[in-house]
Amino acid sequence: MPRAKKKTKEDIIELFMEYVSVHGLDVTMEDLCKAKKIKAEEFILHLDSIAKAEAAVWEELMLAAIRTVNADPQYASFSKRDRLLSLYYTFFENCSLNQPFLEVSIEHHGRLNMLRVLKKLKVHFADFIETIHEQPIIPIGQADDKINQVTNTAVSEAYYTQLLFLLDFWKNDQSADHEKTDVAIEKTVKASMDLIDYTPIKSVIDFGKFIWKERFSNMQFKR
């Protein structure tokens with residue numbers, strides 16, 4: 001009798017997502033492995049725990065989006081704005097393809113706990129933002145290295161806050177094919193790039209009107 005094929009990390013993540021989408025995150029590793037015919041030692045080897053498996057899903061969504069945009073032959077010629085747009089559009093398309101699991105994940109946590117789940121995702125996102133702004137935000141001639149370091153960290157955090165806002169927007173977007181999320185992505189990216197590049201503030205005002213209209217005055221994950 002042939003040996004059962006060993007499951008890869010990708011196999012286990014897929015089975016994990018299928019199970020959690022139906023049963024929620026208040027499950028045990030034992031029940032999951034039994035239901036999905038996963039050897040406990042294989043699950044532990046690749047994902048260690050339910051919590052780490054959940055974080056791995058979010059991390060892989062961001063990594064997959066980054067790999068996809070970097071594989072585009074035209075990507076190297078994109079502006080900073082178009083690079084960020086490409087990442088956001090790809091990431092949220094991936095989110096929509098995995099919506100049942102992600103909704104369970106978001107609903108399971110309060111705001112602070114959700115931030116912990118997204119910790120590894122944040123690292124990869126911050127690395128991506130750093131590649132967009134390859135040069136210091138404030139030119140070296142106008143500020144010392146320490147100020148540039150603080151400024152660039154603040155910019156990275158601002159972009160991560162933007163991502164969290166868009167994720168909350170996506171979760172609550174009831175429009176067909178998340179069309180309003182696409183509009184939100186376009187407006188947030190335009191506003192943020194305009195602020196950083198010191199260009200006219202019209203797009204910032206336009207963005208503010210859009211957010212007010214959609215009644216997203218507080219950026220948080222709703223239970």
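Can you confirm whether segment 12-32 contains a residue that is assigned by TED's automatic domain parsing to the domain that holds residue 82 and among the polar types (S, T, N, Q)? No, segment 12-32 has no match at all.
Condition check ((1) crowded, with 16+ Cβ neighbours inside 10 Å; (2) at pLDDT 85 or above; (3) closer than 23 Å to residue 117 by Cβ; (4) not assigned by TED's automatic domain parsing to the domain that holds residue 115) across all residues:
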| site | (1), (2), (3), (4) |
| --- | --- |
| 132 | yes, yes, no, no |
| 140 | no, no, no, no |
| 143 | no, no, no, no |
| 146 | no, no, no, no |
| 150 | no, no, no, no |
| 153 | no, no, yes, no |
| 159 | yes, yes, yes, no |
| 162 | yes, yes, yes, no |
| 165 | yes, yes, yes, no |
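Taken together, 55, 40, 76 contain a single residue that is touching a helix residue (DSSP H, G or I) at 6+ places or on another chain (Cβ under 7 Å) and free of Cβ contacts under 8 Å to residues at least 24 places away in the same chain, which is 40.
In summary, residue 114 fulfils each of the numbered conditions (1) loosely packed, with under 14 Cβ neighbours inside 10 Å; (2) under 30 Å from residue 49 (Cβ atoms); (3) at pLDDT below 95 with the single exception of condition (1). In segment 4-11, is there at least one residue being farther than 23 Å from residue 173 by Cβ and either in contact (Cβ under 8 Å) with a residue 60 or more places away in the chain or of a type in the set (A, V, I, L, M, F, W, C) (or both)? Yes, that holds for at least one residue.
Filtering segment 1-58 to residues that are of a type in the set (Lys, Arg) and surrounded by fewer than 19 Cβ atoms within 10 Å (Cβ to Cβ) leaves 3, 5, 6, 9, 34, 36, 37, 39, 52. Restricting attention to segment 70-100, which residues are over 16 Å from residue 189 (Cα atoms), surrounded by fewer than 21 Cβ atoms within 10 Å (Cβ to Cβ) and not hydroxyl-bearing (Ser, Thr, Tyr)? Matches in segment 70-100: 70, 71, 72, 73, 74, 76, 93, 94, 97, 98, 99, 100. Could you check how many residues of segment 1-48 are of a type outside the set (Ser, Thr, Tyr) and in a loop (DSSP other than H, G, I, E, B)? The qualifying residues number 16.
The values are calculated or read from the model by the stated rules, or taken from the named source; none is laboratory data. All values reported here derive from a predicted model rather than from experimental measurement. So basically every Cβ, Gly included, is an ideal-geometry build from the backbone, and we count neighbours across all protein chains shown.
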